[in-house]
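Chemist: One structure follows; several queries about it will come next.
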Amino acid sequence: MKLQDLDVIVTAPPAPGWGGRYWILVKVTTDNGITGWGECYASSVGPEAMRAVIADVFERHMMGDNPENVERMFRRVYSSGFTQRPDLTVMGAFSGLEIACWDILGKARDRPVWALLGGLMNDRVRAYTYLYPLPHQNLTDFWTSPDMSAEAALDCVARGYTAVKFDPAGPYTIHGGHQPALSDISMSVAFCKAIREAVGDKADLLFGTHGQFTTSGAIRLGQALEPYHPLWYEEPIPPDNLLEFQEVARAVRIPIATGERMTTKAEFAAVLRTGGAKILQPALGRAGGIWEMKKVAAIAEAFNAEIAPHLYAGPIEWAANVHLGASIPNLLIAETIETDFHRDFIKGGISVENGFIRPPTGPGLGIDVDEALARAHPYGGSGLHLQVQEAPCDYQNGNAFMGGAPPVEN
């Protein structure tokens, strides 16, 4: 069995665009007709440029090889161009292709991917969700309203969720780390207070940021949140200086979580070694794929750290997250996005039931991708999947971060 054909599909989820402006999907077919699906997360170049990167990685390092040879293909890609160091774009391309290899292998053996990763460790995967506006809530007002978020959190608890994530702490900008505005700290405290009062001890609070603060700024904000006992403080500083995470971890009594923007065991091991984080959040469509993150989970286990796969993408990456989570002993929780489009995209192959995900038992990733639906929603915009704003933090008028609601460009 050899990898033979590649197709790249760029799909734009309909408004309001939960999961990003577009999803970069890969469809890989073997010489004996088995098809595998993967997803590349949040590339730092536009989708057309990323098509070329994905094609180059596939044709140069994978085409004609057996999909079983994941380790060898990883080493080729990791070493390509005399690098042998983390490369976000190239490893992002490989990650989606690697996920497709596992889908192929499971289908060839008529077994779910988790069965090929050491078997089932977790019968259920605990799920969490970002707080999104309820149908009757105003999309613009929601992101700065503690009361609306508290109402949305109660709805999540009613549906069985035991953890909810929110991120009211202001913008992430090209200026790197900044000090939070006092109004951003006040708003963050108000959100934690309102949501904690609403859900009591029925749900963990997952406080999200996007690496936007200086080390001292992250400490100021984190200490203000401590009375509300969040389960984690997510990526409080930029990911380009892993050593500084330890300074935040020493000063703030909330577990530090990070990893959405990291790739390969090299970066994850570094932040573990310094004690900067005890919760790792790999995005499998960027971090190196399923096998590489299985290694990261093992390294994390030795540091008494936990894995919480990140998701701000489509349901193919979600499926990969679920299979990894099902197979590791140090799983904490996995992010999920519930929309009709996400569900229909994989024809309901995986779902959240009372706050937990049952690992699929079908072959491969255990999902049936609706290819016609994927092609019926092409992306025609110019923005990236996620974008960082150029305007700096507004210390006079306050800030309104729009959460997971990118302007839809189709």
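The values are calculated or read from the model by the stated rules, or taken from the named source; none is laboratory data. This structure is a prediction, so every number in the text was calculated from the model and none was measured. Quick reminder, even Gly has a Cβ in these numbers, built from the backbone with ideal geometry, and neighbours come from all protein chains shown.
Chemist: Of these, 360, 392, 309, which one is closer than 25 Å to residue 277 by Cα and either assigned to a loop (DSSP other than H, G, I, E, B) or without any contact (Cβ under 8 Å) to a residue 24 or more places away in the chain (or both)?
Modeler: Being closer than 25 Å to residue 277 by Cα and either assigned to a loop (DSSP other than H, G, I, E, B) or without any contact (Cβ under 8 Å) to a residue 24 or more places away in the chain (or both) holds for just one of 360, 392, 309, which is 309.
Chemist: Name the residues in segment 342-355 that are surrounded by 18 or more Cβ atoms within 10 Å (Cβ to Cβ) and either among the aromatic types (Phe, Trp, Tyr) or over 21 Å from residue 156 (Cβ atoms) (or both), would you?
Modeler: Selection gives 345, 346.
Chemist: Return the residues of segment 356-403 that are surrounded by fewer than 18 Cβ atoms within 10 Å (Cβ to Cβ) and among the β-branched types (Val, Ile, Thr); say none if nothing qualifies.
Modeler: Within segment 356-403, 361, 388 meet the criteria.
Chemist: Give me the residue from segment 61-84 that is without any contact (Cβ under 8 Å) to a residue 24 or more places away in the chain and part of a helix (DSSP H, G or I) and, out of that set, surrounded by the most Cβ atoms within 10 Å (Cβ to Cβ).
Modeler: Within segment 61-84, the first condition is being without any contact (Cβ under 8 Å) to a residue 24 or more places away in the chain, and the residues that meet it are 69, 72, 75-77, 79-84.
Narrowing the set further to residues that are part of a helix (DSSP H, G or I) leaves 72, 75-77, 79.
Values: 72: 13, 75: 13, 76: 16, 77: 25, 79: 12.
The qualifying residue surrounded by the most Cβ atoms within 10 Å (Cβ to Cβ) is 77.
Chemist: Given the options 260, 244, 234, name the one that is out of contact with any strand residue (DSSP E or B) (no Cβ under 7 Å at 6 or more places or on another chain), crowded, with 17+ Cβ neighbours inside 10 Å and either closer than 17 Å to residue 306 by Cα or free of Cβ contacts under 8 Å to residues at least 12 places away in the same chain (or both).
Modeler: Matching residue, one of 260, 244, 234: 260.
Chemist: Kindly list, by first and then second residue, each pair from a residue in segment 363-376 that is modelled with pLDDT under 95 to a residue that is assigned to a loop (DSSP other than H, G, I, E, B) and surrounded by 22 or more Cβ atoms within 10 Å (Cβ to Cβ), limited to pairs with Cβ atoms under 6 Å and residues at least 6 apart or on different chains.
Modeler: Listed by first residue and then by second, the contacts come to nothing, as the list is empty.
Chemist: Tell me which residues, restricted to segment 15-26, are surrounded by fewer than 20 Cβ atoms within 10 Å (Cβ to Cβ) and modelled with pLDDT of 95 or more.
Modeler: The answer is none; no residue qualifies.
Chemist: Same structure again: Counting only residues that are polar (S, T, N, Q) and not in a helix (DSSP H, G or I), which one in segment 223-276 is nearest to residue 203 (Cα to Cα)?
Modeler: 258
Chemist: Now a separate question. Before we move on, is residue 11 surrounded by fewer than 19 Cβ atoms within 10 Å (Cβ to Cβ) and either within 27 Å of residue 341 (Cβ to Cβ) or touching a residue at least 40 places away in the same chain (Cβ under 8 Å) (or both)?
Modeler: No, not satisfied.
Chemist: Another question about this same structure. Quick one: which residue in 147, 110, 184, 123 is touching a residue at least 12 places away in the same chain (Cβ under 8 Å) and buried (at least 17 other Cβ atoms within 10 Å of the Cβ)? Spell out the reasoning first.
Modeler: Values: 147 fails: buried (at least 17 other Cβ atoms within 10 Å of the Cβ); 110 fails: buried (at least 17 other Cβ atoms within 10 Å of the Cβ); 123 fails: buried (at least 17 other Cβ atoms within 10 Å of the Cβ).
Selected residue: 184, the only one of 147, 110, 184, 123 that is touching a residue at least 12 places away in the same chain (Cβ under 8 Å) and buried (at least 17 other Cβ atoms within 10 Å of the Cβ).
Chemist: Being in a helix (DSSP H, G or I), surrounded by fewer than 22 Cβ atoms within 10 Å (Cβ to Cβ) and in contact (Cβ under 8 Å) with a residue 12 or more places away in the chain is the filter here; which residues of segment 153-181 pass it?
Modeler: So the first thing to find is which residues in segment 153-181 are in a helix (DSSP H, G or I), and the list is 153-158.
If we keep only those that are surrounded by fewer than 22 Cβ atoms within 10 Å (Cβ to Cβ) too, we end up with 154-155, 157-158.
Matches in segment 153-181: 154, 155, 157.
Chemist: Closer than 27 Å to residue 140 by Cα, of a type outside the set (S, T, N, Q) and in contact with a strand residue (DSSP E or B) (Cβ under 7 Å, 6 or more places away or on another chain), is that true of residue 41? Give the derivation first.
Modeler: Values: closer than 27 Å to residue 140 by Cα: yes; of a type outside the set (S, T, N, Q): yes; in contact with a strand residue (DSSP E or B) (Cβ under 7 Å, 6 or more places away or on another chain): no.
So residue 41 fails the test.
Chemist: Further, regarding this structure: Select from segment 312-339 the residues that are assigned to a loop (DSSP other than H, G, I, E, B), more than 17 Å from residue 257 (Cα to Cα) and hydrophobic (A, V, I, L, M, F, W, C) and list them in ascending order.
Modeler: Going residue by residue through segment 312-339, those that are assigned to a loop (DSSP other than H, G, I, E, B) are 312-314, 328-330, 332-333, 337-339.
This time we only want the ones that are more than 17 Å from residue 257 (Cα to Cα), so: 313-314, 328-329, 337-339.
Across segment 312-339, the qualifying residues are 313, 328, 337.
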